[in-house]
Amino acid sequence: MRLSNGTVLITGGQLPGGPGSAGTDLYDPATGQFTSAGNMTEGRHEHTATLLSDGTVLIAGGHSNWPASTASAEIYNPAAH
């Protein structure tokens, strides 16, 4: 998900054995550098990330532990990191 400041937010992913990762990273294409952006409240994979008009990102759904679905959502605020 490209943020309004040009960095790319990378969220979650499936870990070996099936659980979702709670990790988030920022990638800066101008420098080629990755930095940690903290953790989500719940590990997720196969979720959605939607850039909202105020610059925050809505992260929703997916799976926390395959095959169970995750019925939760959270907001990532780039200004807080």
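Search the stretch 56-81 for residues being part of a loop (DSSP other than H, G, I, E, B) and either small (Gly, Ala, Ser) or crowded, with 16+ Cβ neighbours inside 10 Å (or both), and hand back the single one that is farthest from the chain's Cα centre (by Cα).
71
Please find, within the stretch 14-55, the residue that is farthest from the chain's Cα centre (by Cα) out of those that are closer than 16 Å to residue 67 by Cβ and small (Gly, Ala, Ser).
The extreme case among them is 17.
Which residues, counting only those in the stretch 1-49, are in contact (Cβ under 8 Å) with a residue 40 or more places away in the chain, assigned to a strand (DSSP E or B) and not aliphatic (A, V, I, L, M)? Outline the logic, then answer.
Going through the stretch 1-49, the residues in contact (Cβ under 8 Å) with a residue 40 or more places away in the chain turn out to be 1-5, 7, 9, 11-12, 14, 18-20, 24, 26, 37-38, 49.
Applying the additional criterion that residues be assigned to a strand (DSSP E or B) yields 2, 9, 11, 14, 19-20, 24, 26, 37-38, 49.
Matches in the stretch 1-49: 2, 11, 14, 19, 20, 24, 38.
Where a number appears in this text, it was derived from the coordinates with a stated rule and is not lab data. Treat the numbers as computed from the prediction; the structure is a model and nothing was measured. Virtual Cβ from ideal backbone geometry, glycine too; neighbours counted across all protein chains shown.
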